[in-house]
Every structure is written in C-alpha cells, then in structure tokens.
C-alpha cells in the first residue's frame, strides 16, 4: 500500500518566497507553527489515501490522458494566490486562489468521475471544489496563547494578501511518506 494524492505543484519561486516571508512573520508570533516545506506546496485535487501499489499506474494513466492530454494540452494556466484564511479554528492556515475556478472544478469533476467509473474509487462527499493551498499547520497543543489573539489578527488582516502567480501546467500523482519530521512527497510516473 502507498499513500497518494493528485495535485498541481507550486513552482513559481517568487510566490514561494512570498509565502515563506509571510510564514516567518507567523512563526515569530507562534513558534510552534509548522509551515509547509517549500518543495511540498501544492494544490490538492483529490486525496486518495492508501492504495494498492498496482493501482497507481492505472491512476497515473487516467489523469495523464484525461487531464494533461485532453484538457491542459501542455498549456499553462495562471492563477493568483491571494488571501489568507483558516480551517478548524486556526489549525490549518491556507492561501486562496483566484482565476478560472470553473476549469479547476471541471478538472476535479473529471478526476472524480473517471477514477470512480474505471477503478471504483469513491467520489469525495463534497462535490464543490474550493481551491486553496495549505501553507501551515498549528496544533492546539503547540499554540502560544499569550500571543494567539495577535496571531488571529495577522490572519484576518491578510485576507486579501497577494502572494503571486500559481501556474498550472501538469497534474501529478504524488506519493506521500509520513515521517516524524513531516511528509516526504514524490512524483509517481509510469511508462505508457
């Protein structure tokens, strides 16, 4: 079994640098915050969880044919990473995306449909896709409550912060190996 997900990687260096600078600001306020490693920043289209290793090439070929070849055609689509928010009472800090969100919804729908139809992989319960990237995690036990109100203010004051472009050109099947220091992601690729 391997732990996998389907995603677009963030590769724009200036955008990554802007996220890192913002994370440095958050880290000064909350030393226990865990920023996402620069090389791991991505837009998840579908989290698959643990799958049989023999299923991975089938998933790879479906997304490569149905998304990379038929939809993206090797073109580059540019989105803007803009705004900061949180899930689960500030446990997950995210940056939002602006641009052709209908295209991302279409990609999500096709991935869900094709994987379900061909491999019987269960569709996500939530059909609506809200594109965002996770930039940090802050577990409750690691919070500094002396400065937590000002931390929340930093998040709220940056609801419209612009980080830069997120260029989408190829959807990927990613492997995730969990380690005590955090996850290690790698691309899974297979010959046609």
Which FRET efficiency value, to the nearest 0.05, do you get for residue 20 and residue 118 by plugging their Cβ-Cβ distance into 1/(1 + (r/R0)^6) with R0 = 35 Å? 0.35
With a 10 Å cut-off between alpha carbons and a GNM built on the chain, which of 114, 141, 123 moves the most? 141
Given labels modelled 7 Å from the Cα in the Cβ direction, how far is it in nm from residue 148 to residue 102? 4.3
Residue 47 versus residue 160, label points 7 Å from Cα toward the beta carbon: distance in nm? 3.2
When the Kirkwood radius is taken over all Cα pairs of the range 147-189, what Stokes-Einstein diffusion coefficient follows at 25 °C and 0.890 mPa s, in µm²/s? 173
Inter-centroid distance (Cα atoms) of the range 13-30 relative to the range 128-192, Å: 12
Testing the spin-label approximation: label points 7 Å from Cα along Cα→Cβ at residue 54 and residue 179. State their distance in nm. 3.0
Report, please, the projected area of the chain averaged over directions, based on the convex hull of its C-alpha atoms, in nm². 11.2
Residue-averaged [θ]222 nm for the chain, counting only DSSP H segments that reach four residues, each worth -39500 (n - 2.57): -9000 deg cm²/dmol
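Readers should treat all values here as calculations from the given coordinates under stated rules, not as data from a laboratory. Because the structure is a prediction, the values reported are computed rather than measured. All Cβ positions, glycine included, derive from the backbone under ideal geometry; neighbour counts span all protein chains shown.
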